[in-house]
1. Provide a single number: the residues in region 254-265 that are farther than 13 Å from ASP371 by Cβ and of a type outside the set (Phe, Trp, Tyr).
2. Scan region 298-312 and give yes if some residue there is β-branched (Val, Ile, Thr), surrounded by fewer than 17 Cβ atoms within 10 Å (Cβ to Cβ) and in contact (Cβ under 8 Å) with a residue 12 or more places away in the chain, otherwise no.
3. Checking the conditions here, which among ILE170, ILE180, ILE188 is away from the ligand (no atom under 15 Å from the Cβ) and crowded, with 19+ Cβ neighbours inside 10 Å?
4. I'm trying to understand the selection: among the residues of region 56-84, which are within 16 Å of the ligand (Cβ to nearest atom) and crowded, with 16+ Cβ neighbours inside 10 Å?
5. I need the helices (runs of 4 or more DSSP H) fully contained in region 318-423, keeping only those with at least 3 residues that are within 23 Å of ALA450 (Cβ to Cβ) and in contact with a strand residue (DSSP E or B) (Cβ under 9 Å, 6 or more places away or on another chain).
6. Within region 178-215, how many residues turn out to be among the β-branched types (Val, Ile, Thr) and assigned to a loop (DSSP other than H, G, I, E, B)?
7. Specify the residue that is nearest to the chain's Cα centre (by Cα); the eligible residues are those in region 284-317 that are charged (D, E, K, R) and assigned to a helix (DSSP H, G or I).
8. Test of understanding: among THR226, THR287, THR257, which residue is over 18 Å from GLN328 (Cα atoms) and touching a helix residue (DSSP H, G or I) at 6+ places or on another chain (Cβ under 8 Å)?
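The values are calculated or read from the model by the stated rules, or taken from the named source; none is laboratory data. Worth saying up front: this structure is predicted, and the values here are computed from it rather than measured. So basically every Cβ, Gly included, is an ideal-geometry build from the backbone, and we count neighbours across all protein chains shown.
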Amino acid sequence: MEEYLDEPIFKKIGQIADEMGVSAYVIGGFVRDIFLMRPSKDIDIVVLGSGIDFAEQVGRSLKTQVAFFKNFGTAMLRYEDMEVEFVGARKESYRANSRKPIVEDGTLDDDQKRRDFSINAMALCLNKEHFGELTDPFGGMEDLENRLIRTPLDARETFSDDPLRMMRAIRFASQLNFRIDQAAIDAIVSNKERIAIVSKERITDELNKIILSPIPSVGFNYLFDTGLLHIIFPQMAELYGVELINGRGHKDNFYHTLEVLDNIALQTNDLWLRWAAILHDIAKPATKRFEAKQGWTFHGHEDRGARMVPKIFGQLKLPLNEKMKLVQKLVLLHLRPIVLAQDVVTDSAVRRLLFDAGEDIEGLMMLCHADVTTKNEYKKKRYRQNFELVQQKLKDVEERDQIRNWQPPITGKDIMLTFGLAEGKEVGIIKNQIREAILEGEIRNEREEALRFMIEKGVALGLKVVDDTH
Ligand code: CTP
């Protein structure tokens, strides 16, 4: 394994360990990622002895500052582009109501046992005599080969020690497209309520990593099947299920949402576009109706869904900023391109879409493309063809009319000066008429035409031109 430890810092740490007469190992995610061929800059070092004293010595030798976290018994330094964390090998036990362990010194084996998964418990020795030797007591290598997430100890103990690990198990499975060992799945099911002692921020961190994984449905299926999703994000779990009335069912909105999410994940790594996919149909359960003629309908789910977004973001401690606004907007508009694509695509409908979506038109189009999950090949082909047409028209119309960053060619001030008006109702009416005329294609998006149109409309309202120099 020596070839994987070619950074000079590893030899240096080994040398200091030899001088101090202690054993030092690189452990955890860094070792796992070597075998997954995902080079990492986060290095965890475990020493048999005091991590703090050891880090102090390494810092002195590398002439680098060390940050000490005495409460946790850990220390950290940055060296070149690496972040190196030091900890003494520990034996830990946990209290039932807290994630904070009671810590005692331990052996390497004690330390490895208390880690979350076999693939995260492998250690490489850094002392000269055994440099690069792998210690893998729980079959981490084999689990990597079999693509399996498994805990070193009885899974019930590992998860009950630190319930965040239930989320981590699912997150690693999703990021790596691994299976979770059945015993671990069972332990999540029986410990799931303990997720309540984990902070919302940390849960959401893991959730976001699941969302950003290559096939996010891998993680969401585990979240749903174990029942964790019902606790951490009940609105999404409620999408599940098909109701039948008079032999007529609707599609299962949970699995549809997962398909849309996987589809959009093929197109973008943007977390917020992926969130928009998760939330686009979130109000379907709340708006579901059965109507004798039409069957199942979800009228207004886009509007209601957009209104649900702030509460969900608040609940999950997601940022209540412009990212949330973007998600809201996409949820609100998600049906528009599809409705457009089903009909004759007129220029004015395209201009309106551009006007409403503005800078977010590409994201909206991606979401819409991802939303076509019909299994009927004929329908799918037709949608996609119309969709291409909408894309083309969007391009043409934007080139011609520049609607996406639309600024009115005539300002309220122009209107007031022209007609000698104070601020008031008329100004608003004329402004709207100009915007509508541009969107409808009655006039071009340009000042001269808009001025003429403004005068015409003002006169029709009974106003007099007092200044036509604008
Ligand atoms: N660890 C653990 N239980 C946790 C968190 C971490 O046992 N709840 C251990 C694992 O051995 C893990 C190591 O601490 O490999 C480092 O944790 P962290 O940096 O959070 O994760 P990584 O495994 O490095 O993975 P990633 O960087 O993808 O989060």
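1. Let us first name the residues in region 254-265 that are farther than 13 Å from ASP371 by Cβ, namely 254-255, 265.
From the residues that got through so far, the ones that are of a type outside the set (Phe, Trp, Tyr) too are 265.
Adding up the residues that qualify gives 1.
2. Here is the first cut: in region 298-312, the residues β-branched (Val, Ile, Thr) are 309, 312.
Now narrow it down to the ones that are surrounded by fewer than 17 Cβ atoms within 10 Å (Cβ to Cβ): none.
No, region 298-312 contains no residue that is β-branched (Val, Ile, Thr), surrounded by fewer than 17 Cβ atoms within 10 Å (Cβ to Cβ) and in contact (Cβ under 8 Å) with a residue 12 or more places away in the chain.
3. Numbers: ILE170 fails: away from the ligand (no atom under 15 Å from the Cβ); ILE188 fails: away from the ligand (no atom under 15 Å from the Cβ).
None of the others qualify; the one that does is ILE180.
4. GLY73, THR74, ALA75, MET76, LEU77, VAL84
5. Working: elements: 322-333, 336-342, 347-357, 361-370, 377-401, 412-419.
Answer list for region 318-423: none.
6. First, pick out the residues of region 178-215 that are among the β-branched types (Val, Ile, Thr): 180, 185, 188-189, 195, 197-198, 203-204, 210-211, 215.
Filter once more, so that each one left must be assigned to a loop (DSSP other than H, G, I, E, B): 198, 215.
Selection size over region 178-215: 2.
7. Just the residues of region 284-317 that are charged (D, E, K, R), to begin with: 284, 288-289, 291, 293, 302-304, 307, 311, 317.
Adding the requirement that they be assigned to a helix (DSSP H, G or I) leaves 284, 302-304, 307, 311.
Values: LYS284: 21, GLU302: 20, ASP303: 22, ARG304: 22, ARG307: 20, LYS311: 17 Å.
Residue satisfying both the conditions and the ranking: LYS311.
8. Details: THR287 fails: over 18 Å from GLN328 (Cα atoms); THR257 fails: over 18 Å from GLN328 (Cα atoms).
When all the criteria are applied, what remains is THR226.
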